[in-house]
Amino acid sequence: MSLRRLLPSAGLLAFTAYAALIYLFLYLPIAVIALFAFDSRAISGLPLAGFTTQWFAAAFADPALAGSMATSARLAAASALLATALAMPAAMVLAWFPLRWKSAVLALMLGPVVLPPLVLGLGLVMLARAAPGMIGEPAIIIAHATMTSSYAALMLYSRLLGFRRSYIEAAMDLGATEWVVFREIVLPLTAPALVAVFLLAFTDAFGEFIVAWFVAGFTKTLPIVIWTSLRQVISPKINAVSTLIIAATLLLSVASQLWILRQAGRARES
Amino acid sequence: MSRSEGVTLAGVVKRYEGHLAVAGVSLEVPRGAFVTLLGPSGCGKSTLLRMISGFAEPTSGDIRIGGASVVGLPPYRRDTAMVFQDYALFPHRTVEENLAFGLRIRRMDKPAIRARVAAMLEMLGLAGLGGRRVSEISGGQAQRVALGRALVVEPAVLLLDEPLGALDLKLRKQMQAELKRLHRELGLTFIAVTHDQEEALNLSDFIAVMNAGRIEQYGTPEEVYARPATRFVADFVGEANLVPATVEPDGLRLEDGTRLPLPEGGPGAVRAAAGAAVTLAVRPEAVEVHAAATGTRPGLAARVEEVLYSGAARRVIGRTAAGTRLTSLQPGAAAPPERGSLATFSWAPAASWIIPA
Amino acid sequence: MSAPGPAARRARRLAAAGLAPLLLWQCLFFLVPVGILAVISVWSMENYRLTPDLTLANYTAALGNAAVWRSLLLSVRTALFVTVACGLLAYPIAYFIARKVGRRLRLVLLVAVVAPFWISIVMRIAAWRILLGEHGVINQFLVGTGLIEAPLGILLYSPLSTMIGLVYAYLPLYVLPLYAAIDRIEQSWIDAAKDLNAGPLRAFWEVTLPLSLPGLVVGAVFCFIFGLGEFVTPALLGGGKQLLLSQIIQDQFQRRQDWPGGAAIAMVLMAMVMGLLAVSMRWLRRASGERP
């Protein structure tokens, strides 16, 4: 075989090797956390001492840790629901209606995405001085809904740009009012995107630390509890909880993104 | 169907950000007629259709369906149904569910919907396909479903936006016959938009030829083809030889001095006062070509530029000394003139007509 | 202009109704808080009390402060480094996923790159601590295999660990727009270039690279903007010897209780972010799938 014939496969080999390294970089930290979550040593480190699941049991038996998980899940669900509900109508208007101030509106949507969270957090603290009752759970929900609704709107907007207008027109032509068109055509066809956006917003809100930390008051979310424990030696209980959450996060984000991408593929076919 | 209605457009203008898409169109579509809006892309025909269906509002003018103005009514309050160019079949619904959509919106009861949908499937030759997803049927079948979805709600007017544009040639011929049959059987008002002149000629009772936001001519296919009113129509519908001419007291004088009798009729004949510059139009099928010496009828001398053989006919293209292009299309058994030779292009005066210059 | 018809009025009402909730929400909880910071930044602090005022003293103090300048430059340098590193690392991966693997594998690989982005930042940092610490996994591994004699101290609580943490955080973010841009390039365009006798490298330089430019720019803009305002990663991995801009801001607010001073620096940071965003808006809209 000549060298020329070998070259393309050598290129592919190099690409594959490089890709393997990148994926190793991306998943090594996750693997390490999972590894120590199942190791019996109380202070994580090599060499491994032996397999155990005791840290998972201990984590759930720890009221502070288990309680903060429940709090985070509850707050994240509320803010993700709020964000999706705020984002969807706005995205439809942006994608389908002629708007004179479209650039300005898009810029406003992009604002919370690019604003350093630290600045948003400080700003919300100042705002909360006007309504001290908001500090704690309401403020966390508000903060996360603010951060996630903006990119939820942008993601949905981007999806809706590819939505065939003639579906809507055909339905209206057959007698469907705007609301019926939404219920019968738009909602079923965009449901996967909506679910995916909700899941991403939920995941993001669940893990967000800095803004929540500013406005939390005495509320303890899971990231805040972990942050506090980071000042000391990291307990394997934290590793156990992190392993569970990361597994769930990966599962959710993989599922939701595969869903979006497959849907996009199907839409292209039809 | 007795609910069929006529459509009246009165001075309809549509302006998009300073651009005049429809520049004042008045049109009477008789109840039960098949009318086609024919024109090149960008001539305003689709905009007109969208204004009738309610997806666009006229800047000024009035649109009446069955005598009642529909301007300002949203699409879902108009008694029109549209067959979309891309069919717009709902991808998350089956064939049956697509057909039932409009009836469900109208809150018809379920047994009645089922009966109507079954009858429509039968009529379109789609029986047995009702349970399929719309991604699982062929292009021709999708076209029928789109047609059926619009027809099943029994609209007063059926609108068709380039209905056969997405089909291949053979299917298109087949569906033309099908559309014609449906129109005859249902007696419904059909308004179609197309850029395909053959489709328009085959299908329509009346054709409105559009150009640059205006209607250039409105008439039966025969009128439009045999006596185009303007240079644009003559050129767009079929082919035409267009020869500059001057009206004289006893006939026509062509560019090279050839005199011909004044043809009767034709939209330009009315204004053909002596001395007026007009255009003489004649279809290539009516033009014969003879070697220069053997001509028996008066005609135009032209240098033969191209001889094209296409099986059923032979096309001879020539150019006069003044630069006018002439085309003859004759079933060609006779020996064709040679390329480069001088020949006479002639026609029976009755086959020609006069249009404004 | 003629008066809008009933249909146009209806469309306008619907548009307003759809946009209003989100716009009001963002005004109240995004613009107002930022506005409050802007207002505070021209107030003054007297005897540890906020006093309404109209002064640029906070800005002149901030811009006259060498520590602020040092942290500003450090922030820019860090963001720049992270942007370049992410771009260089991300391009081959995006290219590999878009052009070198089959349809099914492509989705899996793409999703696998992006998934770590959604893991909570505190968990990621916990993981890097376990890996990079003086008695961390990497040091133990290197000592154990005899590659080094003593554990490396610079792995954690150093600019190096901050960079690693930031590259880890933003690499997925860079791959996504790059992949989208490269995926949009038709193979036939590249084939055409090769058919016209361009070698693979030349074809890449003349066709692929220019056409993937929108993705490169969008990825760079977000990487840089996020890197500029990053707080948690440098605070927890950087060791606090050199402070970034966001850390200075937090320091002003929480330790020094100098809110106007902190707000002024926050305004400077925000102006940089928004300015960059305004400049790149055209690219962002193009990459979002909108027709130009």
| request: Work out from phi, with θ = phi - 60° and the Karplus expression 6.51 cos²θ - 1.76 cosθ + 1.60, the ³J(HN,Hα) of each residue of the range B:8-21, listed in order in whole Hz, and give x for Gly and Pro. | output: 10, 10, 10, x, 6, 10, 10, 10, 10, 6, x, 8, 8, 7
| said: With an 8 Å Cα cut-off and a minimum separation of 6 or more residues, compute the relative contact order for chain C in percent. | reply: 27 percent
| query | What is the average number of partner chain Cβ atoms found within 10 Å of a Cβ in C:223-230? | reply | 3
| Semi-axes, largest first, in whole Å: what does sqrt of 5 times each Cα gyration tensor eigenvalue give for the protein assembly as shown? | 69, 33, 29
| task | Taking a cut-off of 23 Å between Cα atoms, list the lysines near B:K14, but don't count ones fewer than 8 places away on the same chain. | result | B:K45
| Using a Gaussian network for chain C with springs between C-alpha atoms less than 10 Å apart, which of these wobbles most: C:A180, C:A15, C:A57? | C:A15
| field | Computed accessible area, B:H195, all protein chains, 1.4 angstrom probe, square angstrom | value | 110 Å²
| request: Would you mind telling me which residue in B:E185, B:E57, B:E17 has the biggest mean-square fluctuation in a Gaussian network model of chain B, where springs connect alpha carbons within a distance under 10 angstrom? | output: B:E17
| message | Just to make sure I understand: if all protein chains stay in place, what is the order of B:S352, B:S341 by accessible area at 1.4 Å, largest first? | response | B:S341, B:S352
| request: Summarise the partner chain shielding of B:84-91 as one whole number: the mean count of Cβ atoms from other chains within 10 Å of each residue's Cβ. | output: 6
| Options C:Q140, C:P21, C:G153, ranked by Cα towards positive dipole end of chain C, top entry (Cβ charges) | C:P21
| Taking amide hydrogens as modeled 1.01 Å from N in the peptide plane, which residues meet the under 5 Å criterion relative to B:N211, leaving out close sequence neighbours? | B:E216
| message | Can you give the FRET efficiency to the nearest 0.05 for B:S310 and B:E338, using r as the Cβ-Cβ distance and R₀ = 22 Å? | response | 0.75
| Could you give the dipole magnitude of chain C about its Cα centre, charging the beta-carbon of Lys and Arg +1 and that of Asp and Glu -1, in debye to the nearest 20? | 1000 debye
| said: Once you compute Rg and the Kirkwood Rh from C-alpha atoms, what is the Rg to Rh ratio for chain A? | reply: 1.07
| Whole-Hz Karplus ³J(HN,Hα) for the range C:191-198, in order, using 6.51 cos²θ - 1.76 cosθ + 1.60 and θ = phi - 60°, x for Gly and Pro? | 4, 4, 4, 5, 4, 8, 6, 7
| What do you reckon, how do A:K220, B:K170 stack up by accessible area (1.4 Å probe), largest on top? | B:K170, A:K220
| said: Restricting to bridges with both residues inside the protein assembly as shown, how much of the DSSP beta-bridge set is antiparallel, in percent to the nearest 5? | reply: 80 percent
| said: Rounded to the nearest 20 debye, what is the charge dipole size of chain B about its Cα centre when +1 sits on each Lys and Arg Cβ and -1 on each Asp and Glu Cβ? | reply: 900 debye
| query | What accessible surface, in Å², does a 1.4 Å probe find on B:K173, ignoring ligands, DNA and RNA and rounding to the nearest 10? | reply | 100 Å²
| chymotrypsin sites (Phe, Trp or Tyr not before Pro) restricted to the range C:26-121 and DSSP loop, no more than 13 other C-beta within 10 Å | C:Y48
| field | For the range B:7-227, radius of gyration divided by Kirkwood radius, i.e. Rg to Rh on alpha-carbons | value | 0.97
| message | How big is the dipole moment of the protein assembly as shown about its Cα centre under a simple scheme where the beta carbon of each Lys and Arg is +1, that of each Asp and Glu is -1, and everything else is neutral? Debye, nearest 20, please. | response | 1140 debye
| task | May I ask you to list the lysines whose Cα is less than 18 Å away from that of B:K170, ignoring any residue fewer than eight positions away on the same chain? | result | B:K180
| query | What value, in deg cm²/dmol to 500, does the helix sum -39500 (n - 2.57) over DSSP H runs of n ≥ 4 give at 222 nm once divided by the residues of chain B? | reply | -7000 deg cm²/dmol
| message | Per q in 0.19, 0.21 Å⁻¹, report the Debye log10 I(q)/I(0) for the range B:239-356, using one uniform scatterer on each alpha carbon and no solvent. | response | -0.95, -1.12
| Which ³J(HN,Hα) values in Hz, rounded to whole numbers, follow from the phi angles of the range B:344-354 under the Karplus curve 6.51 cos²θ - 1.76 cosθ + 1.60, where θ = phi - 60° and Gly and Pro get x? | 9, 9, 9, 7, 6, x, 5, 7, 9, 8, 10
| said: Out of all DSSP beta bridges in the range B:145-278, what portion is antiparallel? Express it as a percent rounded to 5. | reply: 70 percent
| query | Taking chain B as a Gaussian network, Cα atoms linked when under 10 Å apart, which of B:R133, B:R107, B:R15 shows the biggest mean-square fluctuation? | reply | B:R107
| query | Based on the Cα atoms of the range C:63-286, what semi-axes does the equivalent ellipsoid have, where each is the square root of 5 times one gyration tensor eigenvalue, given in whole Å with the largest first? | reply | 36, 25, 14
| request: Only loop residues by DSSP count here, and only those with at most 10 other Cβ atoms within 10 Å; note down the trypsin sites (Lys or Arg not before Pro) in the range C:184-257 that meet that. | output: C:K241
| query | Non-local amide H neighbours of B:L160 (under 5 Å, H modeled in plane, Pro and chain starts lacking H): which ones? | reply | B:V83, B:I191, B:A192, B:V193
| Span-like helix ranges in chain A, DSSP H, alpha carbon extent 20 angstrom or more, Kyte mean at least 0.5 | A:3-37, A:63-96, A:137-161, A:187-207, A:236-269
| message | If you split all Cα-Cα distances of the range C:1-128 into 10 Å bins from zero, what percentages do you get per bin, shortest first? | response | 9, 15, 20, 24, 20, 11, 1
| request: Heavy atoms only, probe 1.4 angstrom, no DNA, RNA or ligands counted: give me C:M274, A:M88 ranked by accessible area, highest first. | output: C:M274, A:M88
| query | Roughly how many Å² of C:M270 are accessible to a 1.4 Å probe, to the nearest 10? | reply | 30 Å²
| request: Give me the percent of DSSP beta bridges within chain B that run antiparallel, rounded to the nearest 5. | output: 75 percent
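The values are calculated or read from the model by the stated rules, or taken from the named source; none is laboratory data. These numbers come from a predicted model, not from an experiment. Positions of Cβ are generated from backbone atoms using ideal geometry, with glycine treated the same way; all protein chains shown enter the neighbour counts. Heads up: the accessible areas ignore ligands, DNA and RNA and are worked out on the full protein's heavy atoms, side chains in. Shrake-Rupley method; radii C 1.70, N 1.55, O 1.52, S 1.80 Å.
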